[in-house]
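The values are calculated or read from the model by the stated rules, or taken from the named source; none is laboratory data. Note that this is a predicted model, so its numbers are computed, not measured. Reconstructed Cβ throughout: ideal geometry from the backbone, glycine too, with neighbour counts over all protein chains shown. All accessible areas refer to the heavy atoms of the entire protein, side chains included, with ligands and DNA or RNA removed. Shrake-Rupley method; radii C 1.70, N 1.55, O 1.52, S 1.80 Å.
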Amino acid sequence: MSAAVFAAALDLAAPLLAGVLGVAGAGKLFGRGTARLAHRTALARLLRGGGRAALALRTLGALELLLCAALLGLPPSVAAGGAAAVLGAGFLGYLGYARAAAPGASCGCTARDDGPVGARAFARAAVVVAGGVAVALARHPWWVTA
């Protein structure tokens, strides 16, 4: 891969990452089933209650949507990329906890998936980490590169 192609891939990471965060965030914040799903997540065990888990999921959804808007509307920055990478690392830590503490519970990652934590959830979290690093390293706004 040439340096120019690699640089363009870094520049275009922001809208791709924003898509992942936007879909997941909207599902958590606005989803009708978020409260019901929260009761079946490992987060309910961690926070000692489905009501607290639902509030945490909705709050996380709002944060994901704010980060999505920043990724789409602002030039790339270490702050936005770092925030996304830290968020993804937090997701990975939570998923590890969820798998160990409540093996059959859902993670609540997308507010639609109520199956147990699996490889797809870990892959999504790793994509958020990698996307955050890419945004932090990007040199040009995605709309210039596109």
From highest to lowest solvent-accessible area (probe 1.4 Å; ligands, DNA and RNA excluded), Phe122, Phe30, Phe6 read Phe30, Phe6, Phe122
Sorting His140, His39 on solvent-accessible surface, 1.4 Å probe, most exposed first, gives His39, His140
Honestly the chain on the Cα gyration tensor test (a ≥ b ≥ c root eigenvalues; a/c under 1.5 rounded, otherwise a/b vs b/c for prolate or oblate) is just prolate
Per-residue accessible area, 1.4 Å probe, largest first, puts Asp114, Asp11 in the order Asp114, Asp11
So Arg36 and Val78, fully extended at 0.36 nm per residue minus their Cα-Cα distance, gain in nm 11.5 nm
Env charge @ Ala105, Cβ radius under 10 Å, K,R +1 / D,E -1, value +2
For the chain, dividing by residue count, accessible area per residue (probe 1.4 Å) in Å² works out to 51 Å²
Counting only protein heavy atoms with a 1.4 Å probe and every protein chain in place, the carbon and sulfur fraction of the accessible surface of region 1-73 in whole percent equals 71 percent
